[in-house]
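Each value in this text was obtained by applying a stated rule to the coordinates, not by laboratory testing. The model shown is predicted, which means the values in this text are computed figures rather than measured ones. Here the Cβ positions follow ideal geometry from the backbone for every residue, glycine too, while neighbour counts run over all protein chains shown.
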Amino acid sequence: MGVSSCLLGENVRYNGEIKLNSIVKFELGKAVSFIPVCPETESGMPVPREPMDLFQTDGSIRMITLESRRDMTWIMEEWIEKKLSELSELKLCGFVFKARSPSCAMNSALLHVESRLERSGEGLFAKAFIERFPSLPVEEGEKLHDPVLRASFLEKVYNIHKARYR
Ligand code: SF4
């Protein structure tokens, strides 16, 4: 299963802080093996790095650094294209994403729309992954703290695995 690397406690976050999600790493980790992915560091960004948010401009969504206002969208999109081809070879059975990230959130990143701030942004990598693999189960790590949701997510993962490998 693919997973945002920082959920496993890897030192990849923008502020250099470790943010281990022990439910994902240890509870889910009993049942699956992980392929960690960090879109920001794998596309060449350092740790630590300037924070970024999503901005809606002229009908498109851009990923822009908050102080120097650098548009990082092209760098990320170029990396995503290559990474999705690589991941398609691995036959993943699902993906667990880090919430609130401009790269990894499914629908919880900060999105600037004119002068409004919304918590509904789809991270650039998560969005592209879901579009490329629409039948795979996906969830944000924090939601999997709910045991009922976790069990239901795992059942979907098993079903994909069974269908693929039986
Ligand atoms: S949220 Fe995604 S891009 Fe950000 S540190 Fe975690 S894995 Fe890397």
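General remarks:
- The condition of being without any contact (Cβ under 8 Å) to a residue 24 or more places away in the chain, surrounded by 14 or more Cβ atoms within 10 Å (Cβ to Cβ) and among the basic types (K, R) holds for only one of R62, R13, that being R62.
- F97 being hydrophobic (A, V, I, L, M, F, W, C), surrounded by 12 or more Cβ atoms within 10 Å (Cβ to Cβ) and in contact with an Asp or Glu (Cβ under 8 Å, 6 or more places away or on another chain): yes
- Cβ pairs under 6 Å, 6+ apart, first in region 38-49 and closer than 9 Å to V12 by Cβ, second more than 9 Å from the ligand (Cβ to nearest atom) and hydroxyl-bearing (S, T, Y): none
- So I18, is it in contact with a helix residue (DSSP H, G or I) (Cβ under 9 Å, 6 or more places away or on another chain), loosely packed, with under 14 Cβ neighbours inside 10 Å and of a type in the set (V, I, T): yes
- Residue in region 91-111 that is assigned to a helix (DSSP H, G or I) and out of contact with any Ser or Thr (no Cβ under 9 Å at 6 or more places or on another chain) present: no
- Matching residues in region 20-33 - criterion: being part of a loop (DSSP other than H, G, I, E, B) and in contact (Cβ under 8 Å) with a residue 60 or more places away in the chain: N21, A31, V32
- For L84, the conditions (1) under 25 Å from M1 (Cβ atoms); (2) surrounded by fewer than 16 Cβ atoms within 10 Å (Cβ to Cβ); (3) touching a strand residue (DSSP E or B) at 6+ places or on another chain (Cβ under 8 Å) are fulfilled apart from (3).
- Identity of the residue in region 85-105, within 15 Å of the ligand (Cβ to nearest atom), without any contact (Cβ under 8 Å) to a residue 60 or more places away in the chain and more than 8 Å from the chain's Cα centre (by Cα), that ends up nearest to L66 (Cα to Cα): P102
- Complete set of residues in region 137-159 that are surrounded by 18 or more Cβ atoms within 10 Å (Cβ to Cβ) and either of a type in the set (F, W, Y) or not in a strand (DSSP E or B) (or both): P137, G141, L144, R150, F153, L154, V157
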